[in-house]
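J.: Here's a structure for you.
Coordinate-derived values only; no laboratory data. It should be emphasised that the depicted structure is a prediction, and the values quoted were computed from it without experimental measurement. For neighbour counting, all protein chains shown are included, and Cβ atoms are generated from backbone atoms with ideal geometry for every residue, glycine included.
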Amino acid sequence: MTQSPLSPPFKLETERLLLRHPLEGDAVSIFERYAQDAEVTRFLLWKPHGSVTESQEFIERCQRVWTEGTAFPWVIVRKSDHLLLGMIELRPEGHKAELGYVLARDAWGKGYMTEAIKAVVAWALAQPQIWRVWAYCHVQNAASARVLEKAGLEREGILKRWSIHSAFGAEPQDCYCYAIVRSGPSGRAPK
């Protein structure tokens with residue numbers, strides 16, 4: 001993957017959330033809040049972390065990809081008490097950018113991820129080179145599908161045998177594809 005010409009801010013703020021660049025000190029919170037939780041990671045592409053060391057390695061990866069410009073991860077922190085809730089990442093590729101995200105179980109159902117996605121999508125689509133922001137989720141992940149829809153992304157279809165989710169074995173799984181696009185010069189989304 002080539003380096004992106006994007007220069008996202010290290011911090012994005014919403015009404016209730018601060019999205020910020022990951023720091024080395026976040027590893028313990030990431031591990032304790034969600035990375036070791038099999039229920040949280042069930043629909044993700046990676047297995048639960050077995051130790052804080054794995055979470056530290058993940059932080060190192062986050063810092064590396066940001067520097068390389070191949071992905072831009074933000075830690076999601078609740079402003080009211082500074083509790084780490086999860087993460088969101090934007091992965092640019094040419095005129096499009098993919099979203100990935102994870103949220104601690106006790107933060108589910110409160111609208112936090114919808115709020116975070118809206119902030120990242122708004123920033124991304126304001127960049128002249130980004131025309132499409134997209135994400136996918138396992139077809140059984142109804143909660144993630146709802147979050148994407150609430151954030152304004154539209155379901156485009158099913159990606160057959162799209163990704164391998166470790167909790168489901170070695171076979172590639174079907175996923176829903178969601179996207180939101182920026183309007184063209186005519187004011188309409190291109191067809």
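J.: For segment 11-181, just say rounded, prolate or oblate: build the C-alpha gyration tensor, square-root its eigenvalues into a ≥ b ≥ c, call rounded for a/c under 1.5, and beyond that prolate if a/b exceeds b/c, oblate if not. All intermediate terms of the calculation are to be shown ahead of the outcome.
T.: On the way: a/c = 1.36, a/b = 1.09, b/c = 1.25.
Rounded, because the longest to shortest axis ratio a/c is under 1.5.
J.: May I pose another question? Which of H49, H95, H21, H82 comes first, and how do the rest follow, when ranked by fewest Cβ neighbours within 10 Å?
T.: H82, H95, H21, H49
J.: Between F10 and D106, what FRET efficiency comes out of the Förster formula 1/(1 + (r/R0)^6) with R0 = 22 Å and r the beta carbon distance, rounded to 0.05?
T.: 0.25
J.: Hey, fewest Cβ within 10 Å first, where do C62, C177 land in order?
T.: Placing the least packed residue first, the sequence is C177, C62.
J.: Can you flag which of K11/K79; K96/K118; K79/K118; K47/K96; K118/K150; K47/K150 are past 20 Å Cα-Cα?
T.: Beyond 20 Å: K47/K96; K47/K150.
J.: Simple spin-label model, 7 Å along Cα-to-Cβ: Q140 to A126 in nm?
T.: Modelled inter-label distance: 3.9 nm.
J.: Another one. May I ask you to derive the FRET efficiency for I158 and E98 from their Cβ-Cβ distance with R0 = 22 Å, giving the value to the nearest 0.05?
T.: E(calc), rounded to 0.05, equals 0.85.
J.: If you rank S55, S7, S166 by fewest surrounding Cβ atoms within 10 Å, what's the result?
T.: Final ranking by Cβ density, sparse to dense: S7, S166, S55.
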